[in-house]
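Report on one structure; see the data block that follows.
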Amino acid sequence: MSKLLKFGPALPAVEIPESSLAPDWQQARPRAIARALERALGRPHGNWYVVGESRLLGEEPHHLRIAGEDLVVWRASNELIIAPDACPHMGASLADSCVSEGKLVCPWHGLALGKEGHGNWKRYAVHEDGVLSWVRIGPEIPETPLPVIAPRPGVYLEGVVQLEVGCDPEDIIANRLDPWHGVHFHPYAFATLTVLDLDDDVLKVRVAKRLVGRIVAETDATFHSPEPRSIVMTIVEGEGTGSVVETHATPIEPGLTMVVEATLATSDRPGFRHAKKLQRFIRPFIERSARRLWVDDAAYAERLYELRNG
Ligand code: FES
Ligand SMILES: [Fe+2]
């Protein structure tokens, strides 16, 4: 650690648990990961699924598959509409429809379909949270009328990456519940990583993230799952306190999952508010570093899926 050059404020001294001095493979606790995963999978979700980054969902219709359902997604007068991707007349796919006055015009016989629906063909409930869009597939659960979203910073620079991984959502969550792989599996990203605290609901780590070469930013971060298909990292001490990385795992079908990861970076440095003007230039940097980690983590999650499925 002495050879690393630290950027940003010093972190408060904490007692490093003795167990954290052992080699990572001895520290890693598969049973603790399994318990935390079980807790996460038991949380309410209200049948909500992340669809993707809101700004990328425009007026052109396109097809999406979520939880085994084929869906068509488009916007009419800025309102997001998600409905079954099968015309109620004879089943044509609507993803290649022309749009007229906000309605899809079925390519086979011209039935116009909009938010009012047509017989049993009805749109799904949607929610836009300011960064991501969600769809509810399944009945409304009164206790969870909206998606369960962890607190976000008030002002932030954002970046969102999206990729398909050959596994189930629980494998994505399990990967994030294993902090002990950080330094060995992503040596280009993390210089040190110490688990400070661990219970079945929240995991706290002290991590030195590489900025350039030996220059690192040291932060304390927590991981928790607000609902079964999401896991959120929140910086609680150090540079960027309050920033979050939300990882959402949306099932496409068994063995195939769409990962949507939103990084919302904030800072209490003076002038950060003005940094919002730089959003368009900073987005590619945020997304590039998230995507790089996901090359490794997708392989990890796919391996978990293989092991679970023999
Ligand atoms: S299949 Fe769509 S109008 Fe006939
Ligand atoms: Fe990882």
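Taken together, the values in this text are just the output of simple stated rules run on the coordinates, not laboratory data. Quick caveat, the model's predicted, so the values are computed rather than measured. Please note: Cβ atoms are built from the backbone with ideal geometry, for glycine as well, and neighbour counts cover all protein chains shown.
In this Cβ point-charge picture (+1 for Lys and Arg, -1 for Asp and Glu), the chain has a dipole of about 1000 debye about its Cα centre. Of the residues V105, V212, the one with the fewest other Cβ atoms within 10 Å heads the list, and the complete ranking is V212, V105. Ranking of F223, F185 by neighbouring Cβ atoms within 10 Å, starting from the fewest: F185, F223. For the chain, adding -39500 (n - 2.57) for each run of n ≥ 4 DSSP H residues and dividing by the number of residues yields -6000 deg cm²/dmol at 222 nm. Computed over the range 48-136, the Cα gyration tensor eigenvalues convert (square root of 5λ each) into semi-axes of 20, 14, 11 Å, ordered from largest to smallest. Overall form of the range 135-193: prolate. Here a/c, set by the Cα gyration tensor axes a ≥ b ≥ c, is 1.5 or more, and a/b is the larger of a/b and b/c. Restriction of the trypsin sites (Lys or Arg not before Pro) in the range 109-203 to DSSP coil positions whose beta-carbon has at most 14 other beta-carbons within 10 angstrom yields K115, K122.
Only Cα pairs within less than 10 Å get springs; with that Gaussian network setup on the chain, which residue of H45, H118, H63 has the largest fluctuation? Taking springs between Cα atoms under 10 Å, the residue moving most is H118. Shown is the FRET efficiency for R31 and D96, computed with R0 = 51 Å from the Cβ-Cβ distance and rounded to the nearest 0.05: 0.55.
Among C87, C98, C167, a tally of other beta-carbon atoms within 10 Å of each Cβ gives an order, fewest to most, of C98, C87, C167. With the cut-off at 1.5 for a/c, could you classify the range 1-92 from its C-alpha gyration tensor as rounded, prolate or oblate? Cα axes put the range 1-92 in the prolate bin. Which shape class applies to the range 24-176: rounded if a/c is under 1.5, otherwise prolate when a/b exceeds b/c and oblate if not, where a ≥ b ≥ c are the square roots of the Cα gyration tensor eigenvalues? Prolate, since a/c reaches 1.5 and a/b exceeds b/c.
When +1 charges are put on Lys and Arg Cβ atoms and -1 charges on Asp and Glu Cβ atoms, the dipole computed for the range 155-310 relative to its Cα centre reaches about 1060 debye. Only Cα pairs within less than 10 Å get springs; with that Gaussian network setup on the chain, which residue of A221, A22, A290 has the largest fluctuation? Of the options given, A22 has the highest mean-square fluctuation. Rounded to the nearest 20, the Cβ-based charge dipole of the range 42-129 about its Cα centre (Lys and Arg +1, Asp and Glu -1) stands at 220 debye. Out of L113, G102, H62, whose Cα points farthest toward the positive end of the dipole of the range 48-136 (charges: +1 Lys, Arg; -1 Asp, Glu; placed on Cβ)? Result: L113, furthest along the dipole toward the positive end.
Here the range 173-244 and the range 138-155 have alpha carbon centers that stand 24 Å from each other. Calculated on the alpha-carbon coordinates, the convex hull of the range 139-273 measures out at 132 cubic angstrom per residue.
Axis of helix 279-308 versus longest Cα principal axis of the chain: the two differ by about 90°, to the nearest ten degrees. Counting 0.36 nm for each residue step from E164 to I215 and taking away their Cα separation leaves a gain of 15.1 nm. The separation of the range 41-89 from the range 1-40, counted between C-alpha centres, amounts to 38 Å. Evaluating kT/(6 pi eta Rh) at 20 °C and 1.002 mPa s, with the Kirkwood radius of the chain over Cα pairs in the Stokes-Einstein relation, gives 102 µm² s⁻¹.
Other residues within the sphere of radius under 12 Å centred on the Cβ of W74, judged by their own Cβ, net out at -1 (K and R +1, D and E -1). Restricting the trypsin sites (Lys or Arg not before Pro) of the range 1-99 to loop positions (DSSP other than H, G, I, E, B) with no more than 10 neighbouring Cβ atoms within 10 Å leaves K3.
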